[in-house]
Amino acid sequence: MGVNDFKVVVKKENILHNYHYLKKLKNKNIIAVVKANAYGHGIENIVKLLTEEGCEYFAVSREYEAKKILNFQLKNIKILILETIENLELLKQNKNLEMMVNSLSDLKNILSKGISTKQLHLKVDFGFGRNGILEKEINKLEKIIKEKDLKFKGISTHLFAADYKDMLEIEKKFEAIVNILGRERFEIIHTQNSAGIISVEGKNSTHIRCGTILFGLQEIGYHDPKIKRAFKLCGKISGIKDLKDLKYIGYEKKESISLGKNNKIAKIRIGYGDGFSKRSENIMSIINNKKFKIVHISMDSSFVAVDESVTVGDEIEIFHDLQEAINHLEVPHYEFLSVINERIERELI
């Protein structure tokens, strides 16, 4: 790590607190969703930490992510790929690797390739429109399952609805489908996303599927005060210049930037090349418990309008107030946190 580089600091005790709290809350084992570099927290650190704590199930979206976990050579874990992959030989070569079946055509193709159904989870879609076998196709699915007497590793759905009553309705429909197909045909049943874990019991599930909530990132309207945030994006001020000495700030003329009453510009070593988007211009940072605006973002550096209280080497934190950042960027927290790329070091403390 270079002098004054930024890093994502992940608080170990908060991850572990959330993990054990959610397990106890629902009295179920956890499938830890660690896609998108564990939502920006660092997939290697998180998987190894949770494995040491007894977590045996991890879920990712991409084949690339699954291979990455396989390279950690951890024992007694299973990896569920949530998207259908083309390289089915990967499943044959790794018996601890499992995959979601996201359509009837996928199921027929996978079965024709000789993949064990003990490595497959069926996904049912109730209108989310992303992945899954449609509700209207269940009769066709039932026919295939019963004709071939198939038994699967798991079956799942996604409680996507923002409305509580809709969530309960989806849960009820899903239970009926599991019973139609034969509950005994599935070792694992999982339904809840992070919001669903807070809002519904998941009484018919054997596992809870935890993504953002495991990292302390909660949805508006589905807040549990006992969940603890673990993510902190921070660095140090690497240089300060007087505004009167500058004609440009980065690539922008000084006059075109809103600087307020501040008379100095501080440089920090993070930019859009690190996944810190230019859309974050004019977002507030925290230096010495005081807010300062980030006024310009370039590829490798950004610039903060500051006053006399700020000195070189002071710590600066970005995205300190997640709700403020969500309002500014008009996207959920998991979007702008997960795009902070691997040029930014992850440190587990």
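Among (1) closer than 30 Å to residue 223 by Cβ; (2) open to solvent by less than 40 Å² (accessible area, probe 1.4 Å), which single condition is residue 279 missing?
For residue 279, the exception is condition (2).
Within 22 Å of residue 187 (Cβ to Cβ), under 25 Å from the mean Cα position of the chain (by Cα) and among the aliphatic types (A, V, I, L, M): does that describe residue 144?
no
Give 249, 316 a once-over and let me know the one that is among the aliphatic types (A, V, I, L, M), in contact with a Ser or Thr (Cβ under 7 Å, 6 or more places away or on another chain) and on the phi < 0 side of the Ramachandran plot.
Only one candidate qualifies: 316.
Name the pairs: first residue in segment 103-116 and over 13 Å from residue 148 (Cα atoms), second residue small (Gly, Ala, Ser) and in a loop (DSSP other than H, G, I, E, B), Cβ to Cβ under 8 Å, at least 6 apart or on different chains?
103/132
Surrounded by 22 or more Cβ atoms within 10 Å (Cβ to Cβ), out of contact with any Phe, Trp or Tyr (no Cβ under 7 Å at 6 or more places or on another chain) and at pLDDT below 95, is that true of residue 158?
When the stated conditions are applied, residue 158 does not pass them.
If I go through segment 73-87 residue by residue, how many of them are within 22 Å of residue 109 (Cβ to Cβ) and not in a strand (DSSP E or B)?
Residues that pass the stated criteria total 6.
For segment 248-296, which positions are free of Cβ contacts under 8 Å to residues at least 12 places away in the same chain and closer than 18 Å to residue 315 by Cα?
Residues satisfying the conditions are 289, 291.
If I go through segment 204-239 residue by residue, how many of them are open to solvent by less than 20 Å² (accessible area, probe 1.4 Å), touching a strand residue (DSSP E or B) at 6+ places or on another chain (Cβ under 6 Å), among the small types (Gly, Ala, Ser) and part of a loop (DSSP other than H, G, I, E, B)?
3
Test residue 64 against the criterion of being open to solvent by less than 30 Å² (accessible area, probe 1.4 Å) and in a helix (DSSP H, G or I), and give yes or no.
no
Do we have residue 69 as touching a Gly at 6+ places or on another chain (Cβ under 9 Å), hydrophobic (A, V, I, L, M, F, W, C) and assigned to a helix (DSSP H, G or I) here?
When the stated conditions are applied, residue 69 does not pass them.
If residue 25 meets every condition in (1) under 16 Å from the mean Cα position of the chain (by Cα); (2) of a type in the set (A, V, I, L, M); (3) surrounded by fewer than 16 Cβ atoms within 10 Å (Cβ to Cβ) apart from one, which number is that one?
(1)
Output the residues belonging to segment 13-22 that are surrounded by fewer than 16 Cβ atoms within 10 Å (Cβ to Cβ) and touching a helix residue (DSSP H, G or I) at 6+ places or on another chain (Cβ under 7 Å).
none
The values are calculated or read from the model by the stated rules, or taken from the named source; none is laboratory data. No experiment lies behind these values; they were computed from the predicted model shown. When we count neighbours, we look across all protein chains shown, and the Cβ atoms used for this are built from the backbone with ideal geometry, even at glycine. Accessible surface areas use protein heavy atoms only, side chains included; no ligands, DNA or RNA. Shrake-Rupley method; radii C 1.70, N 1.55, O 1.52, S 1.80 Å.
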